[in-house]
1. Contour minus end-to-end for A:ARG27 and A:ASP156, with contour as 0.36 nm per residue of separation and end-to-end as the Cα-Cα distance?
2. Treat the count of other C-beta atoms within 10 Å as a stand-in for reagent exposure and order B:HIS72, B:HIS29 from fewest to most.
3. Using a basic spin-label model with each label point 7 Å from the Cα along Cα→Cβ, how many nm lie between A:ARG77 and A:LEU14?
4. Using the 10 angstrom Cβ neighbour count as an exposure proxy, how do A:VAL29, A:VAL168 rank, fewest first?
5. Please rank A:ARG114, A:ARG52, A:ARG173, fewest neighbouring Cβ atoms within 10 Å first, as an exposure proxy.
6. Can you pull the one-decimal nm distance between simple spin-label points at A:ARG114 and B:THR77, each 7 Å off the Cα toward Cβ?
7. Please find the FRET efficiency linking B:ARG89 to A:SER98, where r is the Cβ-Cβ separation and R0 is fixed at 45 Å, and quote it to the nearest 0.05.
Amino acid sequence: PASLGPAAALLQVLGLPEAPRSVPTLRPVPPVMWRLFRRRDPQEARVGRPLRPCHVEELGVAGNIVRHIAGSGLSSRPAQPAGTSGVCPEWTVVFDLSSVEPTERPTRVRLDVRLEAEREDARGWELSVALWAEAETRGPELLRVPASPGLPLRADLLGTAVAANASVPCTLRLALSLHPGATAACGRLAEASLLLVTLDPRLCPLPRSRR
Amino acid sequence: HMEPRVGGDPAGTCRTRRLHVSFREVGWHRWVIAPRGFLANFCQGTCTLPETLRGPGGPPALNHAVLRALMHAAAPTPGAGSPCCVPERLSPISVLFFDNSDNVVLRHYEDMVVDECGCR
């Protein structure tokens, strides 16, 4: 463990308020994070031109920290109101954002939803996203995104479920429902994750908003 | 892992020296996914004349550094001393790691690798 000494001082310089556990729960590194690392690491990228600091080129946004946050607490319940035709069971998924510092500003919040069995007939499907507010009340639908065959269902939540130019909440609890369209066959959600890009204004100047 | 220390011989002029930082050495290898380490380098060497004056192709010498080297050569006084050998050009690194919430995090850090040293 890092005691208050050089190691703790270096961790603080690296923006890590506390020493990570020496044995984290190991999990596979998502391919998107490997790809971003390889594009970003000067020794790996071997790109002739210098990379723009404080910018995630592959995602096209400003930022110096990218996090892949796995959803947890996945639970499903029948469609609400009961018997709503064309709507599959509703899922609730929770994201722990407590590791994000209050000073960090989100510049990209991308929800990736993977279904259990990839269905060729996923055309026409749509994913509806809503926020769970306090006291178990489900908020209105925030956005609805179409499914693209072969790709995980994706939704950009910045400006809807997550406010821009503000600190991210400690927890993000989403209600997801799948509208299968003409096929009327329901898929089952297998995994939900967030790709969160933030900018630490102490290390990077905030991009000026467009006039 | 560092180059062996430099004595006062001409090879000891101010320049970049290899310094490899191994995350395993500092005990971070369990939560740092990549890289395993990186070449941070450091600056060491004397800043006397004519080394303080740049050779062809290098960035222009800092006038103040030349002035100090001149004064030091003419009349070494304790305290003033010759210019210091410091980093002049640095480059960033990115680190991929697990944080305490088991998220996979990619962080970009500026000014982590010394590419070039100079007398200041």
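1. Residue separation times 0.36 nm, minus the Cα-Cα distance, leaves 44.0 nm.
2. Exposure proxy ranking, most exposed first: B:HIS29, B:HIS72.
3. 4.3
4. Final ranking by Cβ density, sparse to dense: A:VAL29, A:VAL168.
5. Fewest to most other Cβ atoms nearby, the residues stand as A:ARG52, A:ARG114, A:ARG173.
6. Going from the A:ARG114 label point to the B:THR77 one covers 7.0 nm.
7. The pair B:ARG89/A:SER98 has a calculated efficiency of 0.75.
Taken together, the values in this text are just the output of simple stated rules run on the coordinates, not laboratory data. The shown structure was predicted, so the numbers you read here are calculated from the model rather than taken from an experiment. Cβ: placed from backbone, ideal geometry, glycine included. Neighbour counts: every protein chain shown.
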